[in-house]
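Here is the structure we will look at.
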Amino acid sequence: MTDSHLTRRALMRYGAYGAGAAALAGTAASWDRLTGADIPGRDDGSLVVATLGPAYGPEAIRTLQDGFRELHPDIKLRVNAVQAVDWSDFFAKILTQVAAGTAPDLVYVATEGVQLFAQRLGVALDKWVRRDAAELKEYFADVHPSLVESMMYEGSLYQLPVEFNAADMYFNRQVLRRAGADFPPADWTRDDFTTLLRDMKKSSGSRFTPYFWTNRLWGGVVPWLFANDTNLLAESKAPGGRWLWDGFYPAAQRKGRGGGFRWTTPQATHDRVEEVYDYLASLIQDGLCTRPEGGNGQNLIGVFSTGRVGVTPAGGFWAGGLSLAGMEPDGFDVQYFPRWRTQRMQYGAAGYALLRTSKMQDEAWEFIKYAARKDTLERLFTTNQTTPARRSLLTADRYEKTGPAHWPVFYDTLDRFPDTGPIPAPPQVAEVEQVLLKHTGTALASPRSVRPALRRMQGDLEKAMERDA
């Protein structure tokens, strides 16, 4: 790891989509008393926006403020970079501000918090989107409908996505050459993946790990569940949303879309879930991958860039992170997650949520639109520290200095695989993630541990989903 702040922000994205809502578990019980619209806010007349500090440094904050001031000189803006170790810590600190009566007007929220905020504190954006439909047509034409649907809850839209990251597979090119292996094709399979890991292991020393992954909601077990055509929780679509799909997307793109994702019945004991855990346990048994470890992968860039890891799942944010760590553009590359029963992949996204305690909701909507503008995102995401939600921003020029060669994979994960979806993040996401991490570690301790651990996971998930968020 380098000491670069930008590298740290890239790593924050690595943990953004599933780094853990664990800290939310301790505050979930206090949600009811935090939703009153009469909670007083700051009275200095500023529109207050809260972002995750490590993900937005001083330069990014200046970019947001200066550009907004040019468009809206009559609206005072303050962007607060809340210092937190990950998204769960960030959310917990926002709740503390709400309880103290100093809530921001807008909060930058990642996928695991979308439904939680929408259910308890968020304001639906529907009326503003309908009003400004002509102005927003260009935005929606540039953003994949799956990203928009991931920001919906029970038929209403709560955020405009500005960034996302899908769990694709990164390869160290030096390790591929050492193994005498070709770069895998787009339609490669799970069996191809296993063979590649074996070839890497044979050609490398004892300190080498073919496949490294982190135990968390984003990029851990979940991508393998998606590939095997299953999920941790039963997935369906809420009704509604037709007002949005008919208004902004052509028939082919709006087909099958609804009013947001629903994650309900736990299915940890489903045969296909067990099959995934058996497969990962076999990789560990054969020395082809690490045992699952928690955290946000802060040590991973170093071991990957020096060739001690061959393959790992990561998103577009890693292009910038690896470049800042000193890797040359041709030192690594990226491909889709391998096919199993399906090649559906998972992602996490983020955008600004408007809190119902805000007394400046119209002004807040102007900031939401501004933050989703192409020129804003172009200035904000200059180092490839994430994947912009706007398709048009992914160009050869953008990735020329950082790599990878197969950069179109980042957005084509959505365009070529339109069923690709968000990580399962119901309002009870805090407890769901805690249960997943706890029992995944136990399940993969040995091949015999899988079935009993999944039974315990099922029971704990059922308890978690029975509770209100």
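Quick look at the values:
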| quantity | calculated |
| --- | --- |
| Hz values of 3J(HN,Hα) by residue in segment 146-156 - Karplus curve (6.51, -1.76, 1.60), Gly and Pro given as x | 5, 5, 5, 4, 5, 9, 9, 9, 6, x, 10 |
| Label point distance in nm, residue 285-residue 379, each placed 7 Å from Cα along Cα→Cβ | 5.7 |
| Carbon + sulfur, % of accessible area of segment 187-236 - ligands and nucleic acids excluded, 1.4 Å | 41 |
| Helical segments meeting 27 Å axial Cα length and Kyte-Doolittle 0.5 threshold in the chain (DSSP H) | none |
| Accessible area of the chain divided out per residue, in Å², using a probe of 1.4 angstrom | 37 |
| Full-extension gain in nm, residue 330 to residue 467, via 0.36 nm per residue minus C-alpha separation | 44.4 nm |
| Whether segment 38-147 is rounded, prolate or oblate, judged on the alpha carbon gyration tensor where a/c under 1.5 counts as rounded | rounded |
| Among 221, 50, 261 - extreme Cα towards positive end, dipole of the chain, charges at beta-carbon | 221 |
| For segment 157-174, 3J(HN,Hα) per residue [Karplus equation, 6.51 cos²θ - 1.76 cosθ + 1.60, θ = phi - 60°, Hz, x = Gly/Pro] | 9, 10, 8, 9, x, 10, 8, 7, 8, 9, 7, 9, 9, 9, 10, 7, 4, 4 |
| Residue 65-residue 445 FRET efficiency (beta carbon distance; Förster radius 60 Å; 0.05 resolution) | 0.75 |
| Heavy-atom accessible surface of segment 428-469: percent carbon and sulfur, 1.4 Å | 45 |
| Cα-based equivalent ellipsoid, the chain: semi-axes from gyration tensor eigenvalues, Å | 35, 25, 21 |
| Rounded if a/c under 1.5, otherwise prolate or oblate - segment 326-389, Cα gyration tensor axes | oblate |
| Gain upon complete extension [residue 198, residue 299; 0.36 nm per residue less C-alpha separation] | 34.0 nm |
| Inter-label distance for residue 138 and residue 398, nm, one decimal - labels placed 7 Å from Cα along Cα-to-Cβ | 1.7 |
| Anisotropy class of segment 238-350 from Cα gyration tensor, a/c 1.5 cut | oblate |
| Magnitude of the charge dipole, the chain, Cβ model with Lys/Arg +1 and Asp/Glu -1, debye to 20 | 640 |
| Carbon plus sulfur fraction of accessible area for segment 36-149, probe 1.4 Å, in percent | 50 |
| Solvent accessible area, Å² - residue 454, 1.4 Å probe, full protein context | 0 |
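The values are calculated or read from the model by the stated rules, or taken from the named source; none is laboratory data. As the structure is a computational prediction, the values presented were derived from the model and not from experiment. Every residue, glycine among them, receives a Cβ derived from its backbone with ideal geometry; neighbour counts consider all protein chains shown. Ligands, DNA and RNA are stripped out before the accessible areas are found, and what is left, the full protein with its side chains, is counted by its heavy atoms. Shrake-Rupley method; radii C 1.70, N 1.55, O 1.52, S 1.80 Å.
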